[in-house]
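Right, one structure below, let's go through it.
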Amino acid sequence: MADKIIEFVSDIEFVANIDEKKDCLMNQGTQSDEAAVTEGNPLGLWYNIDVPKGHGMSAGDKIRIIIEKV
């Protein structure tokens, strides 16, 4: 059974090219002092998540992030 630690929704601030196989989806508050506090992300949490190329996501897209201890 997994224990949910946090779940939130946030805009992707930018997508970084890591290498030929992966990109990194990010919200690090680089456009301001911190990640935006929104209804979906009330704590203003930052994230960097590597994903395989071909994901089709871009800056401004909303994503849901779920962290569980398994």
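The values are calculated or read from the model by the stated rules, or taken from the named source; none is laboratory data. No experiment lies behind these values; they were computed from the predicted model shown. Virtual Cβ from ideal backbone geometry, glycine too; neighbours counted across all protein chains shown.
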- Would you check which residues across the stretch 2-13 are within 15 Å of the chain's Cα centre (by Cα), outside any strand (DSSP E or B) and aliphatic (A, V, I, L, M) and list them? 12
- Message: Among the residues in the stretch 19-40, are any closer than 28 Å to residue 2 by Cβ, in contact with a strand residue (DSSP E or B) (Cβ under 7 Å, 6 or more places away or on another chain), surrounded by fewer than 12 Cβ atoms within 10 Å (Cβ to Cβ) and modelled with pLDDT of 95 or more?
- Response: yes
- Task: Kindly provide the set of residues from the stretch 19-56 that are aliphatic (A, V, I, L, M), under 11 Å from the mean Cα position of the chain (by Cα) and assigned to a loop (DSSP other than H, G, I, E, B), ordered by number.
- Result: 35, 45
- Number of the exception - residue 16 against (1) surrounded by 15 or more Cβ atoms within 10 Å (Cβ to Cβ); (2) in a strand (DSSP E or B); (3) hydrophobic (A, V, I, L, M, F, W, C): (1)
